[in-house]
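These notes are about the structure you will find just below.
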Amino acid sequence: MIKDTITYKNQTIFTLYHKDFPDEQLTVKRRIKEHIKKHLIIFTEEYVPDAEWDNLTGYAWEEQGLLIPKEKYNPYYERACANMTHRIYPDKPSVICQKNGRTIGEDELVEVLSFIEKYMGMDIEAHPVFLGDVFLFSPSEFQYHSNKDNSIIFHELKAGMKVIVRLKNQHNILQSKIVDITSDTEELEIKAECNWDNHDVEIYKDNALIYLNRDISYMRCVHLSFSMAGRKKRIPLTILREYYDLEQKGKPSTSVVGIPPEPAQEALDEINGTLVHKINNAKASDKFIFIRPGERDIAMKRIADIIFRAKDELWLIDSYFTDKGSGLHQMTDWLRLIVNSAAASKNIVFYCNNESKALNATQLDNYVKADPVIWEAMAAPQNSELHLLQTKTAIHDRFLIIRNGDEYTGLAIGTSFNSLNSNHYCIHTLAHKEAREVIQTLYDWLRTNIAAQEDCKHEKR
């Protein structure tokens, strides 16, 4: 057997065994080392006797199955099916999951899984709980191809096998062929009586499925489009940088290699591609919304949804949040919503350069206490204090970030919260990684950029 292991922080976190490889006993032991931050992660491959697998203990149960080519967990990917035995170990390595429930950091985990996929060929991103388990694989590989007559040629088939081929046009099955192999066969030709573009293959041995592959197609024609790169045009600049190099491409050329499709089919394919492109272009992104003047209700719905999802932290970051004038009424409404949020920590980050034009931290604290709706909400037993953070300098973009446990989300907003009804602007929904990056960067920035702070808290009776 060939044994592959991944070791991280001196713990074995993933193990694969491979059997039925020719000359596997000649496998030369090798080790590949990389670093994840400051910690070594090591891939090791070596030959071990079959008895090592038989003597494994400590697993709770095992699962068996056949993985088809290109399956994420198939270490041979498209080269072969994989006969798999998976032994499940409930007690995971402490570097992955500790008994107190703490788990490996998300960025660290992604790097570990990337290393495993790179050297073991398994993508377990959807099931990282496989870490700590042990797998045994053996390949089931068959050679076949299509010829110019549109037949399918199989090689090296053994007596007792059954070959099933389904010839298809896209997803439509046009024809099925079943062949029983009565003697060892070096080459088998399965002829087609239809114009197919892909096919499925099933191979059985003694009534057991040993190979399965679907949607197999062959490259019969390649359109090559290329252009010669010209000399770069250097554009002198003044402030952004010294210059910008503009790459210039020559006139594109196209070359066809192989047998081109029929003109009618080629025309239909082009029409279909154009129509599919239009359909995709018509789909709106759920991560982006464009707001026009007078559409404040649309913006409010998106923003309020984030505010009332907050449990641990809420951060409203808007340098012009306290600007005086008509904007104060909108500021009041947002504060009334925020103090009714379930967030344990509520934070308002703003900027005041001129106290005649905007409220400073002390003035905002007094303003909050003077509003009966805000003050009544803050008197609720479950409510927490409101942190008012006045910064030394302004931040251009506006953000609403929340944290629930280890999960972050939020919005990036193209205008101030007190002018949502009078501008054209965009609202972008921030995924976890993006929201976390924003707030962690601003955490660091705030350490040296707070001009004044008030912690507004209702003295409950």
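Where does region 1-69 land on Rg(C-alpha)/(2.2 N^0.38 Å)?
Computed over Cα atoms of region 1-69, the ratio equals 1.28.
One quarter of the convex hull surface, Cα atoms only: what value does that give for region 193-241 in nm²?
The Cα convex hull of region 193-241, projected and averaged over all directions, gives 9.4 nm².
Choose one of W375, A344, S416: the residue whose Cα lies farthest towards the positive end of the charge dipole of region 324-430 (beta-carbon charges +1 Lys, Arg; -1 Asp, Glu; about the Cα centre).
S416
Assuming 1.306 mPa s and 10 °C, estimate D for region 298-420 with Stokes-Einstein, Rh taken as the Kirkwood radius over Cα pairs, in µm²/s.
Value of D from the Cα-based Kirkwood radius: 110 µm²/s.
Which is farthest toward the positive dipole end of region 117-241 among S146, A229, S217, measuring Cα position about the Cα centre, with Cβ charges +1 (Lys, Arg) and -1 (Asp, Glu)?
A229
Can you give me the pair-distance distribution of region 20-163, C-alpha pairs, 5 Å bins, whole percents?
2, 7, 13, 17, 19, 16, 10, 7, 4, 3, 2, 0, 0
If you project the alpha carbons of region 362-461 onto the principal axes, what extent comes out on each, in Å, largest first?
That gives 41, 36, 26 Å along the principal axes, largest extent first.
Rg/Rh for region 196-279 to two decimals, with Rh computed the Kirkwood way over all alpha-carbon pairs.
Taking Rh as the inverse mean 1/r over Cα pairs, Rg/Rh reads 1.28.
Just to confirm the number: angle between the C-alpha axis of helix 296-307 and the first principal axis of the chain, 0 to 90 degrees, nearest 10?
80 degrees
If you average 1/r over all unlike Cα pairs in region 369-414 and invert the result, what Kirkwood radius do you get in angstrom?
13.7 Å
Put one equal scatterer on each alpha carbon of the chain, apply the Debye formula with no solvent term, and list log10 I(q)/I(0) at q = 0.06 1/Å to two decimals.
-0.51
Given K3/K191; K19/K118; K324/K346; K92/K118, which pairs have Cα atoms separated by over 32 Å?
Beyond 32 Å: K3/K191.
For region 104-168, what does the convex hull of the Cα positions come to per residue, in cubic angstrom?
Considering the Cα atoms of region 104-168, their hull volume per residue is 190 Å³.
For region 286-365, take N as its residue count and report Rg(C-alpha) divided by 2.2 N^0.38 Å.
Its radius of gyration relative to the 2.2 N^0.38 Å reference: 1.17.
Please list, by residue number, every one of the trypsin sites (Lys or Arg not before Pro) in region 84-121 that is coil in DSSP and has at most 12 other beta-carbon atoms within 10 Å.
Filter output for region 84-121: K99, R102.
What accessible area per residue comes out for the chain, rounded to a whole number of Å², with a 1.4 Å probe?
Result: 60 Å² of accessible area for each residue.
Over the Cα atoms of region 112-241, what radius of gyration and what Dmax do you get, in Å?
Rg and Dmax of region 112-241, Cα atoms, are 23.5, 80 Å.
With each pseudo-label sitting 7 Å past Cα toward Cβ, what's the D50-L66 distance in nm, one decimal?
The modelled label-to-label distance comes out at 2.1 nm.
Of the DSSP beta bridges with both residues in the chain, give the percent that are antiparallel, rounding to the nearest 5.
The antiparallel proportion sits near 90 percent.
May I ask for the Kirkwood hydrodynamic radius of region 47-105, worked out over all distinct Cα pairs and given in angstroms to one decimal?
Every distinct Cα pair counted, the radius reaches 14.1 Å.
Taking only the Cα atoms of region 385-437, how large is their convex hull per residue, in Å³?
It is 119 Å³ per residue.
So which aspartates and glutamates pass the test for K251, namely a Cα distance under 18 Å, with those fewer than 8 places away in the same chain ruled out?
none
The values are calculated or read from the model by the stated rules, or taken from the named source; none is laboratory data. Treat the numbers as computed from the prediction; the structure is a model and nothing was measured. Every residue, glycine as well, gets a Cβ built from its backbone with ideal geometry; the counts of neighbours run over all protein chains shown. Just the protein is used for accessible areas: all its heavy atoms, side chains included, with ligands, DNA and RNA removed. Shrake-Rupley method; radii C 1.70, N 1.55, O 1.52, S 1.80 Å.
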